[in-house]
Amino acid sequence: MRKISVFGATGSIGQSTLDLIARAADDYHVVALTGGANIDQLAKDAIRFRAEVAVTCHDHLLPDLRDRLAGTGIEATAGDHAIDEAATRYADWTMSAIVGAAGLRPGLTALRHGGTLALANKESLVTAGPLLKSEAAGHGARILPVDSEHSAVFQALVGEDIGAVEKVTITASGGALRDWPIEKLASATVEQASTHPTWAMGQRITIDSASMFNKAMELIEAHEFFGLPSTKIDAIIHRESLVHALVGFRDGAIMAHLGASDMRHAIGYALHWPERLDLPVGRLDLARIGSLTFSEADPVRYPALRLARDVMEAGPLAGTVFNAAKEVALDAFIARRIGFTDMARVVETTLNKMFAQDGLAMDDIRLEDIIETDRIARVSAWEAVE
Ligand code: NAD
Ligand code: MG
């Protein structure tokens with residue numbers, strides 16, 4: 001029986017992961033499930049999968065969680081420390097699907113104590129790529145990509161030499177506002193930015209898709225995960241979201257990865273890797289689909305992509321600043337304190353301010369450096385919001 005843990009179990013990726021686990025429940029022993037305010041879902045899943053421990057990140061919800069798990073023998077714990085403690089419990093496979101920078105620490109802890117880390121939390125690689133990779137190498141752990149584009153690249157690279165790669169291209173739907181005139185974007189509301197044309201995801205990542213900050217994060221993520229320079233990584237608009245990524249090689253061949261827009265494919269690939277097993281995702285009927293379209297990602301419409309290039313060239317801690325500023329800008333937009341196009345302004349102002357200081361390109365980065373840079377960047381980003 002494989003021991004597994006799911007961090008961020010109550011979210012969109014977490015629930016898709018549990019859906020796959022439920023289909024072969026006898027093959028798995030669930031160690032830890034973690035969540036946030038949705039105690040109801042967390043408790044239900046903990047009971048359904050007979051987890052060893054259920055953890056909420058909110059301390060004040062512990063009594064409620066305890067009540068719901070009373071008599072089941074399942075441990076209930078709460079708080080960031082409890083999440084980190086849950087990550088010290090050995091699992092063969094751990095899903096990292098907490099949203100935001102909060103996913104970094106438990107992911108690192110799992111790498112130090114476990115086998116494979118399936119990484120959906122893209123913020124981890126963007127804020128701390130080199131640290132994550134060195135911890136994995138130092139502890140004989142493995143990181144597998146779960147973001148659909150990176151899973152697609154990873155699959156296109158099986159049996160290939162990374163040195164033969166000329167260009168990795170990840171696709172973007174263009175997000176909720178892709179057909180809006182550029183002049184109107186400044187007036188887009190939270191609701192308008194929260195409806196994705198092709199993927200069903202959590203609210204934060206859906207807004208990040210509309211602003212293309214999600215794609216910007218993914219460019220940096222690809223840079224970190226595959227160790228490729230920014231010149232070899234690109235994004236392209238592909239409205240249908242059926243081609244997830246393309247890998248071009250030195251001999252002119254391009255390997256494209258196609259599949260339904262269903263995260264259970266990428267999650268399932270990481271769960272069963274290196275095997276391919278049956279997955280309950282739709283099959284593409286290309287004759288019916290008829291055509292696939294591609295177009296350039298307009299750098300004026302999507303300033304986030306330009307900022308991602310600056311970050312890849314500036315060095316690892318620039319990613320920490322980028323992610324922190326982007327999270328603040330997104331919080332401010334959701335709280336209706338800034339407009340849609342102000343998000344890029346806040347991130348750019350914060351990056352410029354921190355680029356002007358030294359140290360963003362330092363080597364041998366420790367978790368403390370990342371936490372401190374993240375903290376300073378958030379203060380600076382809130383100043384840019386005001
Ligand atoms: P979500 O908002 O649906 O779920 C987030 C989960 O994290 C929930 O379980 C929530 O309780 C938990 N959480 C939130 N804040 C927390 C905190 N401070 N501490 C501990 N736990 C916390 O998000 P999602 O869409 O499932 O995305 C999860 C991660 O996967 C994100 O990093 C996202 O960028 C990435 N991702 C998502 C998709 C997708 O299709 N949803 C695709 C690719 C990558
Ligand atoms: Mg993605």
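Quick notes on this structure:
- Some residue of segment 216-225 being away from ligand 2 (no atom under 13 Å from the Cβ), of a type in the set (A, V, I, L, M) and closer than 16 Å to residue 152 by Cα: no
- Only one of the numbered conditions (1) touching a helix residue (DSSP H, G or I) at 6+ places or on another chain (Cβ under 7 Å); (2) at pLDDT 95 or above; (3) outside any loop (DSSP other than H, G, I, E, B) is violated by residue 205, and that is (2).
Yes/no per residue for (1) assigned to a helix (DSSP H, G or I); (2) open to solvent by less than 30 Å² (accessible area, probe 1.4 Å); (3) at pLDDT 95 or above:
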residue	(1), (2), (3)
158	no, no, yes
180	no, no, yes
183	yes, no, yes
186	yes, no, yes
197	no, no, no
216	yes, yes, yes
221	yes, yes, yes
225	yes, no, yes
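- Answer residue from segment 7-32, given it is outside any helix (DSSP H, G or I) and more than 9 Å from ligand 1 (Cβ to nearest atom) and is most open to solvent (accessible area, probe 1.4 Å) among those: 23
- Any hit, segment 333-355, residues being open to solvent by 30 Å² or more (accessible area, probe 1.4 Å), assigned to a helix (DSSP H, G or I), among the acidic types (Asp, Glu) and at pLDDT 95 or above: yes
- Helices (runs of 4 or more DSSP H) contained entirely in segment 61-150, each with at least 1 residues that are within 14 Å of ligand 1 (Cβ to nearest atom) and over 20 Å from residue 326 (Cβ atoms): 62-69, 80-87, 104-113
- Here is the figure for segment 257-281: residues that are open to solvent by 50 Å² or more (accessible area, probe 1.4 Å) and under 26 Å from residue 28 (Cα atoms) total 6.
- Scanning segment 54-75 for residues that are open to solvent by less than 20 Å² (accessible area, probe 1.4 Å) and under 24 Å from residue 115 (Cα atoms) returns 54, 55, 56.
- Checked against (1) within 16 Å of ligand 2 (Cβ to nearest atom); (2) within 15 Å of residue 272 (Cβ to Cβ), residue 13 meets all criteria but (2).
- Residue check for residue 15: farther than 20 Å from residue 114 by Cβ and over 18 Å from the mean Cα position of the chain (by Cα): no
- Among the residues making up segment 282-294, a single one is surrounded by fewer than 10 Cβ atoms within 10 Å (Cβ to Cβ) and either in contact with a Lys or Arg (Cβ under 9 Å, 6 or more places away or on another chain) or in contact (Cβ under 8 Å) with a residue 40 or more places away in the chain (or both): 293.
- Some residue of segment 233-247 being of a type in the set (Ser, Thr, Tyr) and more than 30 Å from residue 195 (Cβ to Cβ): no
- Subset of segment 165-178 that is open to solvent by 20 Å² or more (accessible area, probe 1.4 Å) and either within 16 Å of ligand 1 (Cβ to nearest atom) or farther than 20 Å from residue 334 by Cα (or both) - its residue that is farthest from the chain's Cα centre (by Cα): 166
- Selection count where residues are out of contact with any helix residue (DSSP H, G or I) (no Cβ under 6 Å at 6 or more places or on another chain) and polar (S, T, N, Q), scope segment 119-148: 1
- In the set 311, 300, 328, only one residue is touching a helix residue (DSSP H, G or I) at 6+ places or on another chain (Cβ under 7 Å), open to solvent by less than 40 Å² (accessible area, probe 1.4 Å), β-branched (Val, Ile, Thr) and closer than 24 Å to residue 187 by Cα; that residue is 328.
- A single entry from 151, 124 fulfils the requirement of being without any contact (Cβ under 8 Å) to a residue 40 or more places away in the chain, within 16 Å of ligand 2 (Cβ to nearest atom) and of a type in the set (S, T, N, Q): 124.
- Flag if residue 241 is under 25 Å from residue 311 (Cβ atoms), small (Gly, Ala, Ser) and either open to solvent by 40 Å² or more (accessible area, probe 1.4 Å) or more than 14 Å from ligand 2 (Cβ to nearest atom) (or both): no
The values are calculated or read from the model by the stated rules, or taken from the named source; none is laboratory data. Treat the numbers as computed from the prediction; the structure is a model and nothing was measured. Reconstructed Cβ throughout: ideal geometry from the backbone, glycine too, with neighbour counts over all protein chains shown. To get the accessible areas, we keep the full protein, side chains included, count just its heavy atoms, and leave off ligands, DNA and RNA. Shrake-Rupley method; radii C 1.70, N 1.55, O 1.52, S 1.80 Å.
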